[in-house]
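J.: Quick one: this structure, given as structure tokens, is what I'll be asking you about.
The values are calculated or read from the model by the stated rules, or taken from the named source; none is laboratory data. All values derive from a computational prediction rather than experimental measurement. Methodologically, a virtual Cβ is constructed for each residue, glycine included, from the backbone with ideal geometry; neighbour enumeration extends over all protein chains shown. Quick note on the areas: whole protein, heavy atoms, side chains included, nothing else; ligands and nucleic acids left out. Shrake-Rupley method; radii C 1.70, N 1.55, O 1.52, S 1.80 Å.
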Amino acid sequence: MTNHWIDYRHSDVFLVIGANPAENHPMAMKWIAHAKENRGAKLIVVDPRYTKTAAAADIYCPIRPGTNVAFINGIINYVLQNDLYHHEYVVNYTNASYLVDPAFKLEEGIFSSNSTWQYQREGDQIKKDPTLQDPNCVFQILKRHMARYDIETVCRITGAPEDAYREVCRTFASTGKPDKAGNVIYAMGITQFTCGSQNVRALAILQLLLGNIGIAGGGINAQRGECNVQGSTDMAMLFHLLPGYLNAPSADKHPTLKDYLEKETPKAGYWSNRPKFLISLLKAWYGDKAVPENDFAYDYLPKLDGQNHSHMVLFEHMLQGKIKGFFAWGQNPVVGGPNAALERKALEQLDWLVVVDLFETETAAFWKAPGVNPEAIKTEVFLLPAAASYEKEGSVTNSGRWIQWRYQAIHPPGDAKSDLWIVDRLFKALRQVYEAGGVYPDPILHLNWNYDKAGQEEPDVEKVALEINGYSTSDGSPLTNFTQLAQDGSTACGCWIYSGYWFVESGEPDPALRVPATKRRGQVDNGGMGLYPKWSFAWPLNRRIVYNRCSCDPNGRPWDPARVVVAWDGQKWIRNDVPDFVWSRPDTKEEVPPQESAHTPFIMLQEGQALLFSQAMKDGPVPEHYEPIESPVSNFVSRQQSNPLALKLQSELGKVAAVSSPEFPYIATTHRLVEHYQSGAITRNSPYLCEIMPEMFVEISPSLAQKLGVHNGDPVVVTTARGEITAKACVTPIMQPLTIGGKVYEIIGLPWHWGYSGLAPGSSANDLTPCVGDPNSSIPEYKAFLCNVRKA
């Protein structure tokens, strides 16, 4: 999230698309309700289902699953055609004026080579047209591209009723005025598509055009799937990253530290400090063994081999027998993964499987699945009982980037242990084995690993926290923040963006707040803006609203004087939040006048300005509508049916239906329920919750029920190209058919919380979902696929 939960109270219009906060993010819904009651804020909800959030909406607009790019591009087109964009913001804070190679083009859904996505230059300088009239400037390219997404075309693609869609466009476009704030809220209903990354890009472009990034009540606000998903990505749970979103080194591109730093360090923008971040990370991991003479132990880091190692590809490799062992640590892919039935089969090819979880999940018990013969399975399974979040101590990072410390409430039952205890014992056992020799023991033997706490079996989580925060290697004192990081080995830091969360303000007058920042619970609110800077710590630098230089004009005057985040009063900066720009000179502490930061408000980017046109995306510099891989219709805007760079598997795991398949005439999407959580591993072991929501069901419209001769509660069979499941029919007006290209199509909804283990077993919706993914993120397309439904 660019903003945070409490900041929602400053929003004038909410666009909730691909999210259902009333059921899945109640804290978000609390502050949405606050804005509606106290500001008269308008709530727009865009969803295939009439959700509980939709029931509270001022405007509800249904959408066909998988057509978000077309829907959002249409709003962008409405903004551009009606001159509703925030002109001064766009000219000064985005790359709208940059001139692009004249050879760039889009033909029938295929972009020209990415060599044509480059800016025109004179020497090192990017050529620009501040009038935004040059046909090769980003603004004109964007305007031409979006002109194809008129309201009639968008509604033909998406199934949105024209009157409702027009009202969505009109209402959200009204936030382009300087004294208005529009807030985009999204979740998995935006990301889980083969165009998921471009869905988010389209939302970002919309918000930039309206001037809604960096302001109170604005932003692009991703509602993460659980409270510490943000923390897990920050700490590099994805295969291609190191902590703090540093790119993992590649064997062919970065054989040496010198290669990595030269190729990964830009000349401008805050990422120019990448050498400090990486070398401090190496010092944290390898301590005294990381010295300049050995490139700070850079050779110890594993290197990427150029192959995709994301979830779907890993399971394909398991299925093919290429992977021998697997740790399923706090995850349940046998329920949560796409084409889950084949993921279960993939586990049968392993030599060993270790599951770390609270209960015996479907993944731990894959050999007990219906129809499986345990005697035919070679996989040796180890189940390590883990502690729940309230049975251990440590920090969690919420969607708003607030890192909050949680204390242990009770001890875990029986033999259950914390994740820290388990990984600590595992590493020590591995180290002991490597002490006897090995192919390459140094990266294990030289790892800086000492988290013991005298007299206790549990490792010291505060030592881990200090390492993540960063410290001086000379005396071990915690760093104030990442501005103190160095590339000479004098600092160590496990995650540069978290630096400062374990620092204690010694001059703090309140003794209760003289604790590591993540443990603070102060309720001082600067400017009455709901920022609460002394409640926990928000990365980066305890900043609550990122890109906040954009909350004022180039001269430092706030766009909206009633919602000041930062502002220049003529002599100094008013700082209700931590400025996201250089506001004072490090040597003299003299405050920097606003003109010096006016054209570089996006400090992480080399350009210093936001990107309406992005060269980093694999599948195009501007968002283009492609149909989901499984679609009932042909693409109405080009001859390119689906994303040409979508991740597709060649094995049986990647089986999909044909376009407009008569065998699968209905559209399916998956969703969550308030009564269950994720794969149900916890909630389906809770008797109370199992009584409230006891079994798997399929949401179908009254019109489809009538067609099938099905009544509420009847068992139905849902089939896709991957397989079939049986569940009870929930006949409900929550689901309604949509008219696509003049033809009516039915849509069904499938909650994905069930599996064959626990107190309330049921069919898994993900037995039906396809193994295809986004080319940028590799996230599977869970939210749009074809199916059939029949009465059981």
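J.: Checking residue 349 against (1) under 18 Å from residue 696 (Cβ atoms); (2) in contact (Cβ under 8 Å) with a residue 24 or more places away in the chain; (3) open to solvent by 30 Å² or more (accessible area, probe 1.4 Å); (4) outside any helix (DSSP H, G or I): exactly one of these is not met. Which one?
T.: Of everything listed in (1) under 18 Å from residue 696 (Cβ atoms); (2) in contact (Cβ under 8 Å) with a residue 24 or more places away in the chain; (3) open to solvent by 30 Å² or more (accessible area, probe 1.4 Å); (4) outside any helix (DSSP H, G or I), residue 349 misses just condition (1).
J.: Within the stretch 595-609, is there a residue that is in contact (Cβ under 8 Å) with a residue 60 or more places away in the chain and not in a loop (DSSP other than H, G, I, E, B)?
T.: No, that holds for no residue.
Here's the yes/no breakdown for (1) in contact with a His (Cβ under 6 Å, 6 or more places away or on another chain); (2) open to solvent by 10 Å² or more (accessible area, probe 1.4 Å); (3) among the basic types (Lys, Arg); (4) within 30 Å of residue 154 (Cβ to Cβ):
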{"residue": "675", "(1), (2), (3), (4)": "no, yes, no, no"}
{"residue": "689", "(1), (2), (3), (4)": "no, yes, no, no"}
{"residue": "694", "(1), (2), (3), (4)": "no, yes, no, no"}
{"residue": "712", "(1), (2), (3), (4)": "no, yes, no, no"}
{"residue": "715", "(1), (2), (3), (4)": "no, yes, no, no"}
{"residue": "723", "(1), (2), (3), (4)": "no, yes, no, no"}
{"residue": "737", "(1), (2), (3), (4)": "no, yes, no, yes"}
{"residue": "743", "(1), (2), (3), (4)": "no, yes, yes, yes"}
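J.: Follow-up question, since we're still on this one. In the stretch 101-114, is there at least one residue being closer than 30 Å to residue 193 by Cα, without any contact (Cβ under 8 Å) to a residue 24 or more places away in the chain and of a type in the set (Asp, Glu)?
T.: Within the stretch 101-114, one or more residues are closer than 30 Å to residue 193 by Cα, without any contact (Cβ under 8 Å) to a residue 24 or more places away in the chain and of a type in the set (Asp, Glu).
J.: Taking only pairs six or more apart or across chains, which ones have beta-carbon atoms under 6 Å, a first residue in the stretch 118-146 that is under 17 Å from residue 624 (Cβ atoms) and touching a residue at least 12 places away in the same chain (Cβ under 8 Å), and a second residue that is outside any helix (DSSP H, G or I) and of a type in the set (Phe, Trp, Tyr)?
T.: From the stretch 118-146, the pairs are 138/98; 138/613.
J.: Scan the stretch 67-92 for residues that are within 27 Å of the chain's Cα centre (by Cα), in a helix (DSSP H, G or I) and more than 17 Å from residue 166 (Cβ to Cβ) and report the count.
T.: 4
J.: Then there's this: Write out, first by first residue and then by second, each pair whose Cβ atoms fall under 7 Å of each other, whose residues are 6+ apart or on separate chains, and whose first residue, in the stretch 388-403, is touching a residue at least 12 places away in the same chain (Cβ under 8 Å) and surrounded by fewer than 22 Cβ atoms within 10 Å (Cβ to Cβ) while the second is of a type in the set (Ser, Thr, Tyr) and not in a strand (DSSP E or B).
T.: Qualifying pairs under 7 Å: 393/407.
J.: Taking residue 241 as the residue in question, decide whether it is closer than 24 Å to residue 468 by Cα, out of contact with any Lys or Arg (no Cβ under 8 Å at 6 or more places or on another chain) and not polar (S, T, N, Q). Don't jump to the end; show me each part of the working.
T.: Values: closer than 24 Å to residue 468 by Cα: yes; out of contact with any Lys or Arg (no Cβ under 8 Å at 6 or more places or on another chain): yes; not polar (S, T, N, Q): yes.
Taking the combined requirement at face value, the residue satisfies it.
J.: Kindly indicate which of 172, 193 is assigned to a loop (DSSP other than H, G, I, E, B) and surrounded by 24 or more Cβ atoms within 10 Å (Cβ to Cβ).
T.: Details: 172 fails: assigned to a loop (DSSP other than H, G, I, E, B).
Of 172, 193, the one residue that is assigned to a loop (DSSP other than H, G, I, E, B) and surrounded by 24 or more Cβ atoms within 10 Å (Cβ to Cβ) is 193.
J.: Restricting to strands (runs of 3 or more DSSP E) lying wholly in the stretch 1-66: which have 3 or more residues that are at pLDDT 95 or above and out of contact with any Gly (no Cβ under 8 Å at 6 or more places or on another chain)?
T.: 42-46, 59-61
J.: Let me ask another. Please state which of the following conditions residue 268 fails to meet, knowing it meets all the rest: (1) among the small types (Gly, Ala, Ser); (2) on the phi < 0 side of the Ramachandran plot; (3) more than 20 Å from the chain's Cα centre (by Cα); (4) open to solvent by less than 20 Å² (accessible area, probe 1.4 Å).
T.: (4)
J.: Going by the conditions given, is residue 762 touching a residue at least 60 places away in the same chain (Cβ under 8 Å) and either open to solvent by less than 10 Å² (accessible area, probe 1.4 Å) or in contact with a Gly (Cβ under 7 Å, 6 or more places away or on another chain) (or both)?
T.: So residue 762 fails the test.
J.: Something else now. Answer yes if at least one residue in the stretch 514-525 is out of contact with any His (no Cβ under 8 Å at 6 or more places or on another chain), closer than 21 Å to residue 245 by Cβ, surrounded by 14 or more Cβ atoms within 10 Å (Cβ to Cβ) and at pLDDT 95 or above, and no otherwise.
T.: Scanning the stretch 514-525, I find at least one residue that is out of contact with any His (no Cβ under 8 Å at 6 or more places or on another chain), closer than 21 Å to residue 245 by Cβ, surrounded by 14 or more Cβ atoms within 10 Å (Cβ to Cβ) and at pLDDT 95 or above, so the answer is yes.
J.: Could you say whether any residue in the stretch 354-361 is among the polar types (S, T, N, Q) and open to solvent by 10 Å² or more (accessible area, probe 1.4 Å)?
T.: Within the stretch 354-361, none of the residues are among the polar types (S, T, N, Q) and open to solvent by 10 Å² or more (accessible area, probe 1.4 Å).
J.: Name the strands (runs of 3 or more DSSP E) wholly within the stretch 720-792 that hold at least 1 residues that are within 28 Å of the chain's Cα centre (by Cα)?
T.: Filter on the stretch 720-792 gives 747-751, 785-791.
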